[in-house]
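The values are calculated or read from the model by the stated rules, or taken from the named source; none is laboratory data. This is a predicted model, so every value here is computed, not measured. As a convention, Cβ positions derive from the backbone with ideal geometry for all residues, glycine included, and neighbour counts pool all protein chains shown. The accessibility values were calculated without ligands, DNA or RNA, using every heavy atom of the protein model including side chains. Shrake-Rupley method; radii C 1.70, N 1.55, O 1.52, S 1.80 Å.
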Amino acid sequence: MAQRRQGSQRQEQAWWVAEGGRDWCGEGSDDGEEGEEEEEDGVLSAFLCPITMEVMRDPVVVETGHAFEREAIARWFSECASLGAAPRCPVTMEVVDGADVKPVVALRAAIEEWTSRRETAALRRACRWLTKAASEKEALRGLDAVMRGWKLARVGKRVVRRDGMVPMVAAMLRNGSARVRLKALQALREFAREDDEYRDSVSEGDTIRRIVKFIDFEDCQERELAVSLLCELSKSEMVCEKISELNGAILILGKVACSKSQNPALAEEAEMTLENLEKCEKNVLQMAENGRLEPLLNLLIEGSPEKQLRIASSLEKIVLSNDLKNLVAQRVGLLFAGVVENGTLPAKEVAFKVLDHISTNTESAKVLIEDGILLPLFRVLSVDGVKFLPPRLQEAAAAVLSNLVACGIDFGTVPLDGNRTIVSEDIVHSLLHLISNTSPPIQCKLLEIFVMLSSSTTTVLSIISAIRSSGAITNLVQFVESDHQESRAASIKLLCKISFDMDHEIAQVLRSSPTLLGCLVRIVSENDANADEQDAALQILANLPKRDRRLTMELMEQGAFKYIARKVLNICRRGTANNIVDNTMLEGLVKVLARITYILREEPRCVALAREYNLASLFTSLLRLNGLDGVQLLSAKALVNLSVESRYMTGTPNFDEHEQKSGLTWFGKKPPGIQLCRVHSGICSIRDNFCILEGKAVERLVVCLSHQNKKVVEASLAALCTLLGDGVEITEGVSVLYMANAVEPIFEILKGNPTGTLQQRVTWAVERILRAENIAKAASSDRGLSSALVHAFQNGDSRTRRIAEASLKHINKLPTFSQIIDKHPSRRGSSIGSMERYFRSDR
């Protein structure tokens, strides 16, 4: 009964308040903190629900006149029904109509007004605790009060905004207590969830900078709340603008967004923040600079032409990784292809810059080619197209095409339009014509394109064919004396690529203009020249027709041979070349130097130079450079030419008048003290008449007979065969080979059943060797040699069959029915014939 009376008293007091009793909340209620709390607590008892004992939010009254919380009384009646009892008043326990509950509007308004005033007072008290001087406890109490007021009463939000509490709470981020900072971040997040006005208020001052600072520290307790707060703030476009002004904010968020494996929830919120920041173009540009390109590409695709131009201008300034270049090509390659063909001049200029940037990557270049960028580029580079483009755009277009060609695909299979490709004859003709009618920078890029196309085995023949049919070789060769260094270097590299197949055409141009040849020689001989350009110029000289006497003599006049001879001598003294580049250059040097051995008989100056630099000894030394097959091959061929000339240069003994008068010499007798060459029957030396019996040339040639490279074997054999040819002492030549252990390696070559000229040479050599009866007798029991001779007899050409037949008769494997061969052939000749034509073989 006491409880019932107490509840009745509280309800009466509540009704009195609802009917107009306002003294509790009048102006005089502000007499002090303690008085306010006592008065408020007294009034609060009238607003409590008798069931929940909490302040009511939606009061309703039942038949007994008592007020309850709507949800609480509904639960009470539901429990009564579940027990099978009639609804009763919780206070009086009288039976009432459960459906007859009425809202008490006045009481509800009074409760709301009381609550608002109470929370307003609490919020105002909290302001005294949100200061720098407040202790940790006071600061936490003040923040808790703000949070309660914010959540429990709508008036609290108005007070927070009106009384400037948002900056106060934001200032707590500078507090030295981590608990205070965490509570402040929670409060600010609640404010930011309200609307853009609150978000803008939270972001004032240096709040954004402090939030980002929390995010940057991985071990910071406030990091997760800071990311969550920034995510809420980023929903406002104005806040996005402020974030864009803070250097590094986008980069820090990007780092957090990439940490999915460490903290997925945090990474997801950071990703959402970045997505919100995409509303600001400045943020999008910063994202692109930090590797997040998708937003920028979306703006580029979806924007207006003016916006596309602005975004593309920003894109071309960004340094992209290869992966990002590939992404740009995939997303906007088609867009830029259309701009190249149909865009305005400013748009084309920006498009060329972007394409030049992304086409340097092989994969992105392939994507652009698949998107059909080649045809628009060719159209703007055609003779008609360049009339409408400023030179700087022509150069940019040529640079893009150069990058694309460098990607390494087979351009002979990439369609340009219809059945044409970029290496089709008319396309190549058009580009060659443009080279002759444009500025040096564009010429340089176009020449570089042809260099790359000529470097591919699948397209080089098409390029050579088009150059031949267009007659452009003259213009291309003339670039070697260009003042534009890059164009000169590119043209020399191009000529190097095509010089093996177009040697006669290049030689014709050089013969008509010796100054061009002089330019090539000067490049080769300059100490400070570019290494690639120098090597290319050397290869051009090396590939010129080696029997062209006029070019050889012009090279002699230019001093090329003396420089090259000294260069090769220096390399030989060092031992071997240092790297692959040096090896290639050495081969080119030897190839040029060997030219003079092809015209020794016609040009005494070549003989004099060969003697001056002792070229026979030099080429002999080069034979020992194992691993440099090209150098060994060229050296062996040069020794063939030098050795062939030996018999024409063999000296005769000179006796002084006293000896002649004294009759101490007789015809056919060599004077005492003078050593004559066994093979050439005269006074020989490796320097004066290039006799290979001197200077260990024979021994090194014999070693090369076992070389893995058949071309080196054939050239070495040809050099040794000069000791068995007509005009020399064949018997002595055989003896020399026998003493040098060359007979068995020669037999082994024949036993390998070679074909072509090697078969002809070795069969010829074997026949000459088998003329020595002791060797023939020993070889008659060699079944392998007999089988090899039979194979040559049956499968060789007519001349080889005749020589093989003679060899078989030497070892008594065939009967001698006629005088096909001499039983006792001349020591200096043979009825079978000479090998002179093999010594003069060309490539």
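Can you find, within the stretch 96-124, the residue that is nearest to ALA74 (Cα to Cα) among those that are free of Cβ contacts under 8 Å to residues at least 60 places away in the same chain and of a type in the set (Val, Ile, Thr)?
Here the residue is VAL101.
Quick check on THR92: is it touching a residue at least 40 places away in the same chain (Cβ under 8 Å), assigned to a helix (DSSP H, G or I), not assigned by the TED database to the domain that holds MET168 and not aliphatic (A, V, I, L, M)?
Answer is no for this residue.
Taking only the stretch 433-454 into account, find how many residues are open to solvent by 10 Å² or more (accessible area, probe 1.4 Å) and over 28 Å from the mean Cα position of the chain (by Cα).
5
How about the stretch 468-507: which of its residues are open to solvent by 20 Å² or more (accessible area, probe 1.4 Å) and within 22 Å of PHE561 (Cβ to Cβ)?
Within the stretch 468-507, GLU481, CYS496, PHE500, HIS504 meet the criteria.
Give me a count of the residues in the stretch 723-746 that are open to solvent by 10 Å² or more (accessible area, probe 1.4 Å) and in a loop (DSSP other than H, G, I, E, B).
Summing the residues that are open to solvent by 10 Å² or more (accessible area, probe 1.4 Å) and in a loop (DSSP other than H, G, I, E, B) in the stretch 723-746 gives 5.
Would you confirm, using the coordinates I've provided, whether ASN774 is modelled with pLDDT of 90 or more and over 60 Å from the mean Cα position of the chain (by Cα)?
yes
Conditions: (1) open to solvent by 10 Å² or more (accessible area, probe 1.4 Å); (2) hydrophobic (A, V, I, L, M, F, W, C); (3) at pLDDT below 90. LEU225 meets all but one. Number of the miss?
In the conditions (1) open to solvent by 10 Å² or more (accessible area, probe 1.4 Å); (2) hydrophobic (A, V, I, L, M, F, W, C); (3) at pLDDT below 90, LEU225 misses (3) alone.
Out of ALA542, ALA507, I need the residue that is within 30 Å of THR597 (Cα to Cα) and in contact with a Pro (Cβ under 9 Å, 6 or more places away or on another chain). Which one?
When all the criteria are applied, what remains is ALA507.
Sort out which residues of the stretch 455-467 are among the hydrophobic types (A, V, I, L, M, F, W, C) and open to solvent by 50 Å² or more (accessible area, probe 1.4 Å), and write them in order of number.
Once the filter is applied, which keeps residues that are among the hydrophobic types (A, V, I, L, M, F, W, C) and open to solvent by 50 Å² or more (accessible area, probe 1.4 Å), the stretch 455-467 yields only LEU461.
Which one of these is out of contact with any Ser or Thr (no Cβ under 8 Å at 6 or more places or on another chain) and open to solvent by less than 60 Å² (accessible area, probe 1.4 Å): LEU277, LEU334, LEU327?
LEU327
Please go through (1) crowded, with 23+ Cβ neighbours inside 10 Å; (2) not assigned by the TED database to the domain that holds SER456 for LEU569 and return the number of the only condition it doesn't satisfy.
All conditions are met except number (1).
Take the residues in the stretch 762-780 that are open to solvent by 10 Å² or more (accessible area, probe 1.4 Å) and part of a loop (DSSP other than H, G, I, E, B), then tell me which one is nearest to ILE803 (Cα to Cα).
ARG771
Would it be correct to say that GLU190 is open to solvent by 60 Å² or more (accessible area, probe 1.4 Å), outside any loop (DSSP other than H, G, I, E, B), acidic (Asp, Glu) and within 30 Å of ASP206 (Cβ to Cβ)?
Taking the combined requirement at face value, the residue does not satisfy it.
Name the single residue that is farthest from ARG574 (Cα to Cα) among those in the stretch 604-638 being without any contact (Cβ under 8 Å) to a residue 60 or more places away in the chain and among the β-branched types (Val, Ile, Thr).
Residue satisfying both the conditions and the ranking: VAL607.
Taking the stretch 781-798 as the search range and keeping residues that are outside any helix (DSSP H, G or I) and among the small types (Gly, Ala, Ser), which one is most open to solvent (accessible area, probe 1.4 Å)?
Step by step, filter the stretch 781-798, then rank; the result is SER781.
Of (1) open to solvent by 10 Å² or more (accessible area, probe 1.4 Å); (2) closer than 21 Å to ALA187 by Cβ, ILE211 satisfies all except one. Which?
All conditions are met except number (1).
How many residues does the stretch 694-712 contain that are part of a helix (DSSP H, G or I), open to solvent by 70 Å² or more (accessible area, probe 1.4 Å) and not charged (D, E, K, R)?
1
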